[in-house]
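Below is one structure, written out as structure tokens; the observations come after it.
Read-outs: derived from the displayed coordinates by stated rules, not from any lab. Only a predicted model underlies this, so the values are computations on that prediction, with no experimental measurement involved. Positions of Cβ are generated from backbone atoms using ideal geometry, with glycine treated the same way; all protein chains shown enter the neighbour counts.
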Amino acid sequence: MAKTAKDITPEEIIKRAKNNDFSNVYFLHGEEPYYIDVISDYFENEFMNEMEKAFNQTVMYGKDVDVYGIINACRRFPMMADKQLILVKEAQNIAIKELEKLQSYIENPLSSTVLVLCYKHKKMDGRSKLLKVAKEKHLVFESAPIADYKLQGWIESYCKSKNINIQPLACVMLTDFLGNDLSKVVNEIDKLLINIKNHAEITAQHIEKYVGVSREFNTFELQNAIGAGNFFKAQKIVRYFAANPKENSIIPVLSSLYNFYGKILAIHNSKDYSEKNIATVAGVHPFFAKDYVKACNTYPMDKSIRVIGYLHEFDLKSKGVGSTDISDGSLLKELVFMIMKL
């Protein structure tokens, strides 16, 4: 029976393949490339032994191959083995009209061929006949972007899988700096593990030293300074951002503040200001709940709504709507001043 992204995980796909329970066609698609790469790397590196790979593993790239080349490769019989693997990377580089021609093959695939299609950075149109057939007969996995509020938990789980803990502040610094690009996050964590051997925990000091994120001057600290009503600290951070514009674009700062005040509004709507409820509603580590308590006291519902309006206004200004050529630093200074004088 075909399995979709709703009822199977990358770990399950790999576990089943290891147990010789595999599909003849895997269609991997979606905006988040990390899990597609995880599955693809397994098939390329571990699905077959080295002797089998020499005769029965073919790796193709979308920009270098046409669909008929893929089909011809799929219809070959394996040599001195029970199966062959055809791995097509970067399939999103094949024109949709061409890719749809695979439908005839996947409706009746060769039982000794395992075809893995990696369609990265975007999801396939749900109206695609190819995708519909793949869902009916084979295995389709959609790799969706991880929600921002789940990212810290994901990082903590990944670190635990590597037998190391990560401090809540270090986790926030990492997410604040890298966003929800899981490939970048994993690369940075793996580099950290090389540099901090024999440590039981990744600390904020490690993030500052090896990733290059300042513990004092970052979006998270700006958010907390504004939330606590600490004007002097907020201005100090804004001045640092203005002096280092290449590393501190206003766009991610606006996005972070929008998410922050969105959580404050959600807390106000819940009318439960206990730290336990705040951690749940805001989707943050309980360690940071006290910061949201301060922010809720500083910015009641009416003020929080006005801040959201300011953020929308300055987002438009940062994109050149209704303003002249004003630097990000100047816009941010004005925005923080307006928020904190409420």
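The figures follow:
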| quantity | calculated |
| --- | --- |
| 5 angstrom amide H check on MET60, placed H, neighbours 5+ away | LEU87, VAL88, LYS89 |
| Gaussian network model of the chain, Cα within-10 Å springs - most flexible of MET60, MET124, MET80 | MET80 |
| Relative exposure of MET173, MET51, MET340, MET301, judged by other C-beta atoms within 10 Å (fewest first) | MET51, MET301, MET340, MET173 |
| Where only alpha carbons of the chain are counted, the Rg and the Dmax (Å) | 24.6, 76 |
| Options THR203, ILE146, VAL116, ranked by Cα towards positive dipole end of the range 113-237, top entry (Cβ charges) | VAL116 |
| Area projected by the alpha carbon convex hull of the range 104-236, averaged over all directions, nm² | 12.0 nm² |
| Solution diffusion estimate, µm²/s, Stokes-Einstein, the range 10-142, Kirkwood Rh from C-alpha pairs, 10 °C, viscosity 1.306 mPa s | 108 µm²/s |
| Average Cα contact separation per residue, the chain, under 8 Å, 6 or more apart, as relative contact order % | 16 percent |
| Vicinal HN-Hα couplings computed from phi for the range 75-87 (Karplus, 6.51 cos²θ - 1.76 cosθ + 1.60; Hz; Gly/Pro x) | 8, 6, 9, x, 10, 6, 7, 7, 8, 10, 10, 10, 10 |
| Order of VAL140, VAL133 - criterion: other Cβ atoms within 10 Å of each residue's Cβ, fewest first | VAL133, VAL140 |
| Qualifying GluC sites (Glu not before Pro) for the range 10-45 [loop in DSSP, other Cβ within 10 Å: at most 16] | GLU31 |
| Spatial separation of Cα centroids for the range 171-196 and the range 292-342, in angstrom | 29 Å |
| Overall Cα dimensions of the range 255-342, principal axis frame, Å, largest first | 45, 23, 16 |
